[in-house]
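Okay, structure first, notes after.
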């Protein structure tokens, strides 16, 4: 048995023997399993229990598997549930019909039990990874960021957590709209990715918290050169997104709620760094809190800046 997380799997098959066989094998592998023998009952169970994955037979009475899959994909509340189709048909055309309806995978009966379990795990893992990704940048999101920090806190090696944030970012959204703002976020993501790639081994972890906030986890020795590289790369790339007149002027001019014009300098980068070389962290939230505090310190000075926490404390102090 594997240590991968299981989940609730709904088996939908009108053959009770096959459904029972699948239920027993998945239960043995650590999954919670529910069973349904027709499409109407399956639809009700999905609405009530919201399974992590549906194993769906194609040939069923009342509502067949293809139609049920289409209905799941059409409903925003169930559209994200992964579906694996089960069928006795082996023709490519039938596979295409199932996949076109929105199925994530396709297994032909009779199937090998080990293959079935492997496909269920693989589909669940891919689905969890996708849900943990930022839709804008494709980088790991908050769940995976917290997991990565937790692994470092629980481990033996030294590490640094760099909290990266843009300054004056709101002025870009206000002046040019959210599309330009998203382009600016993407530029920062690409800059960070390049800096991480140039940092060498071990490869740093890069995550996107949301908006213009990012996290890099690296070794303490990598933190300085990496963040310096980010600042050097980001400035020219960010300025290229400004309109020529605003760039020539050197600032954006926007009215506040009272109509008073305010000047905003071009976007820069502030980075707060928390490192295990200076203090022992007992909880990932402590690391995040210190990195956040340092980021605010960096924001206290105009222009791009990195602030590193060098206070020496042990856990509990």
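If R0 is 41 Å, the Cβ-Cβ spacing of residue 70 and residue 156 corresponds to a FRET efficiency of close to 0.20. Given a 10 angstrom Cα cut-off, can you work out which residue in 284, 236, 225 is the most mobile in a GNM of the chain? Top of the fluctuation ranking is 236.
Quick one: if the Förster radius is 35 Å, what FRET efficiency do residue 289 and residue 240 give, using the C-beta to C-beta distance and rounding to 0.05?
On the way: r = 35 Å, r/R0 = 0.99.
Working from the Cβ atoms, E equals 0.50.
Once log10 I(q)/I(0) by the Debye sum over Cα atoms at q = 0.08, 0.09, 0.14 Å⁻¹ is calculated for the structure shown, the corresponding label among (i) -0.32, -0.41, -1.10; (ii) -0.54, -0.65, -0.99; (iii) -0.36, -0.46, -1.14 turns out to be (ii). Which of rounded, prolate or oblate describes the stretch 1-120 when judged by the alpha-carbon gyration tensor and an a/c cut-off of 1.5? It comes out rounded by the Cα gyration axes.
Tell me the Kirkwood hydrodynamic radius of the stretch 142-308 in angstroms, computed as one over the mean inverse distance between distinct C-alpha pairs. Over the stretch 142-308, the inverse of the mean reciprocal pair distance is 16.5 Å. For the pair the stretch 66-139 and the stretch 169-247, the centres of their Cα atoms are 35 angstrom apart. Compute the Cα gyration tensor for the stretch 236-307, then decide on rounded, prolate or oblate, letting a ≥ b ≥ c be the square roots of its eigenvalues: rounded whenever a/c is under 1.5, prolate when a/b is larger than b/c in the other cases, and oblate in all that remain. Note, shape of the stretch 236-307 comes out prolate.
Hey, what angle do you get for helix 113-131 against the long axis of the chain, alpha-carbon based, 0 to 90 degrees rounded to 10? Result, in degrees: 30.
Please work out whether the stretch 109-204 counts as rounded, prolate or oblate from its C-alpha gyration tensor, where a ≥ b ≥ c are the square roots of the eigenvalues and a/c under 1.5 means rounded, while otherwise a/b larger than b/c means prolate and anything else oblate? The shape class here is oblate. With helices as the sole contributors, the chain gives -14500 deg cm²/dmol at 222 nm; each DSSP H run of n ≥ 4 counts as -39500 (n - 2.57), and the sum is divided by every residue.
In percent, rounded to a whole number, the relative contact order of the chain is 13, using alpha-carbon pairs under 8 Å and six or more apart. Between residue 178 and residue 99, the contour length at 0.36 nm per residue exceeds the Cα-Cα span by 25.0 nm. Approximating the spin labels as points 7 Å out from Cα along Cα→Cβ, the residue 194-to-residue 32 distance works out to 4.7 nm. Counting only alpha carbon atoms, the long axis of helix 142-154 and the longest principal axis of the chain meet at about 80°. Between the helical axis of 65-74 and the longest alpha-carbon principal axis of the chain there is an angle of about 30 degrees.
The stretch between residue 280 and residue 310, if pulled fully straight at 0.36 nm per residue, gains 9.6 nm over its current Cα-Cα span.
Taken together, the values in this text are just the output of simple stated rules run on the coordinates, not laboratory data. Computed from a predicted model, the values in this text were never measured in an experiment. Counting neighbours? That spans all protein chains shown, and the Cβs are built from the backbone with ideal geometry, glycine included.
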